[in-house]
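For reference, the structure discussed in these notes is given below.
The values are calculated or read from the model by the stated rules, or taken from the named source; none is laboratory data. Only a predicted model underlies this, so the values are computations on that prediction, with no experimental measurement involved. Backbone-built Cβ (ideal geometry, glycine too); neighbour counts: all protein chains shown. Accessible surface is based on the protein model in full, side chains and every heavy atom, while ligands, DNA and RNA are left aside. Shrake-Rupley method; radii C 1.70, N 1.55, O 1.52, S 1.80 Å.
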Amino acid sequence: MEKLLAPSILAGDWWNIGEQIEATLRGGADIIHFDVMDGHFVPNITVGPEILTSISRRVNVPVDAHLMIENPDRYIPSFVEAGAKWISVHIENVPHIHRTLTLIRELGAKAGVVLNPGTPLSAVEEAIHYADYVLLMSVNPGFSGQRFIERSLERLSLLRDMRDRLNPDCLIEVDGGVKEDNVVEVVRAGADVVVVGSGIFSAKDVEAQTRKLKDLISSAVAV
Ligand code: DX5
Ligand code: ZN
């Protein structure tokens, strides 16, 4: 299965975000990762459906909306309307996960369930049956530029085992602190989709940096 690279534009420069997104696409980005934060579920506030609309209209790859917000059910239809093709919600704040993932799928998007670093993998053992992807956080959500939590590598390979056993079609996405120096390990441990924020946007040449990461990802063979 081809491994996918998803630049997290939260780490970009909002003044030049269109140009930066285009640079990642020229460099081989497969998905645009769009972080939505409400200042309640996580200690930061970011962007919403209006900005997503401007982006999704202009890019020809899927936009992946990572919802770090309270009561995501209320906003899911607006994000689908805005053009999000992938939508993920956190298991920690969704009481009726079957209902929420089914809603996302019924609206025509891929449905993802997210785990914070402190949440046991067993929390998604049921939801994985009806999720298109599981997003494993390798930092505590809220900010770009944090350090990768090393324990995430072991969690990744355990999650891959769970996925292989329960729903082989479900993808595993990893988000937080992934850079050129650990991306190969992350893919080898089990990631199918790799989110990279500061590891791309802090480079001078965003296109070249995206290409470099994409090449590293493609060369890493999962073991
Ligand atoms: C963190 C976000 C991430 C973040 C990734 O809450 O979900 O997507 O922007 O940025 P880096 O790769 O810099 O950790
Ligand atoms: Zn994210």
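Some points to look at:
- Identity of the residue in region 33-78, under 13 Å from SER88 (Cα atoms) and touching a Pro at 6+ places or on another chain (Cβ under 7 Å), that ends up surrounded by the most Cβ atoms within 10 Å (Cβ to Cβ): HIS33
- When VAL89, VAL63 are checked against the criterion of being within 16 Å of ligand 1 (Cβ to nearest atom), under 13 Å from the mean Cα position of the chain (by Cα), closer than 17 Å to MET137 by Cβ and among the β-branched types (Val, Ile, Thr), a single residue qualifies: VAL89.
- Residue in region 172-216 that is farthest from ligand 2 (Cβ to nearest atom), counting only those that are of a type in the set (A, V, I, L, M) and either in contact with a Cys (Cβ under 6 Å, 6 or more places away or on another chain) or over 27 Å from ALA127 (Cα atoms) (or both): ALA208
- Qualifying residue in region 146-156 (condition: open to solvent by less than 50 Å² (accessible area, probe 1.4 Å), away from ligand 1 (no atom under 14 Å from the Cβ), farther than 18 Å from PRO117 by Cβ and in contact (Cβ under 8 Å) with a residue 24 or more places away in the chain): no
- Residues (away from ligand 1 (no atom under 13 Å from the Cβ) and within 16 Å of the chain's Cα centre (by Cα)) located in region 3-23: LYS3, LEU4, ILE21
- Test for VAL80: is it away from ligand 2 (no atom under 12 Å from the Cβ) and over 15 Å from the mean Cα position of the chain (by Cα): yes
- Condition met for ALA123 (of a type in the set (Gly, Ala, Ser), free of Cβ contacts under 8 Å to residues at least 40 places away in the same chain and open to solvent by less than 10 Å² (accessible area, probe 1.4 Å)): no
- Helices (runs of 4 or more DSSP H) contained entirely in region 129-223, each with at least 1 residues that are of a type in the set (S, T, N, Q) and at pLDDT below 95: 206-219
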